[in-house]
Amino acid sequence: MTDAPAHVHEFDWPDRVVIGTVGPPGDRTFYLQVRAGAQIVSIALEKQQSALLAQKLDEVLDQLIDVEGNRFSVPTSTPVELVDNDPLEAVQEQFRTGTIGIGWDPTTAQVIIEAHPLPDDDALDADAFDEDAIDDAAEESEMLRVRMPVGTARAFTLRTREVVDAGRPLCTLCGYPMDPDGHICTIPDY
């Protein structure tokens, strides 16, 4: 089986790395967008993936602070100069994210995010689920690899949490999101 994707969108020192959305609350599509110069890649992800990515990145950064002998200065909060509240740039979806990995490169003091697309349903159809079909899907796949400094990673997690939290308000009675055109919830009888 082939392990390497056919096309890797790699950003070693990106100018911008953000999570943003397109669409109104309740019908938003989340994107991880990366830009270096004129190259922009936007990949779609779920709201839960975005929230979990921010949480796990913060955990990695917090662990790095506590590593004895760590020679890198890892900020405990977002450096003001790195705050990015600008909207997404032109979005052209590259792929919908399936799995995300997080890593650390101590040689460059960068956090690494790797995102892989959801498998193609046609390539991994139940009738065609054999080794050749898996090899073909692996050969055709692509991935996104982003390396970002620790300050940029803190800014990324702050913005991501704010974007995730900017959705529909939650009902104080049932805890479910309220739609802009109204919300009816039923409280079970006890």
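The values are calculated or read from the model by the stated rules, or taken from the named source; none is laboratory data. Since this is a predicted model, take the numbers as computed values, not measurements. Every residue, glycine as well, gets a Cβ built from its backbone with ideal geometry; the counts of neighbours run over all protein chains shown.
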Being modelled with pLDDT of 75 or more, assigned to a helix (DSSP H, G or I), of a type outside the set (Lys, Arg) and exposed (fewer than 14 other Cβ atoms within 10 Å of the Cβ): is that true of GLU162 here? yes
Being within 16 Å of GLU162 (Cβ to Cβ), of a type in the set (Phe, Trp, Tyr) and surrounded by 12 or more Cβ atoms within 10 Å (Cβ to Cβ) narrows PHE95, PHE30 down to just PHE30
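Would you check which residues across the stretch 26-77 are among the hydroxyl-bearing types (Ser, Thr, Tyr) and assigned to a strand (DSSP E or B) and list them?
Of the stretch 26-77, the ones among the hydroxyl-bearing types (Ser, Thr, Tyr) are 29, 31, 42, 50, 73, 76-77.
Within the stretch 26-77, THR29, TYR31, SER42 meet the criteria.
Condition first: small (Gly, Ala, Ser) and either touching a residue at least 12 places away in the same chain (Cβ under 8 Å) or surrounded by 17 or more Cβ atoms within 10 Å (Cβ to Cβ) (or both). Now tell me which residues in the stretch 33-56 satisfy that.
Residues of the stretch 33-56 that are small (Gly, Ala, Ser), as a first pass: 36-38, 42, 44, 50-51, 54.
ALA36, GLY37, SER42, ALA44, SER50, ALA51, ALA54, listed by residue number.
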Look through the stretch 39-80, keep the residues that are at pLDDT below 90 and of a type in the set (Asp, Glu), and return whichever of them is nearest to THR29 (Cα to Cα). ASP66
On the basis of being more than 13 Å from the chain's Cα centre (by Cα) and either modelled with pLDDT of 90 or more or on the phi < 0 side of the Ramachandran plot (or both), does THR99 make the cut? no
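How many residues are of a type in the set (Gly, Ala, Ser) and within 10 Å of the chain's Cα centre (by Cα) when one looks only at the stretch 1-41? Write out each step before concluding.
Of the residues in the stretch 1-41, the ones of a type in the set (Gly, Ala, Ser) are 4, 6, 20, 23, 26, 36-38.
Narrowing the set further to residues that are within 10 Å of the chain's Cα centre (by Cα) leaves 20.
Number satisfying all stated conditions: 1.
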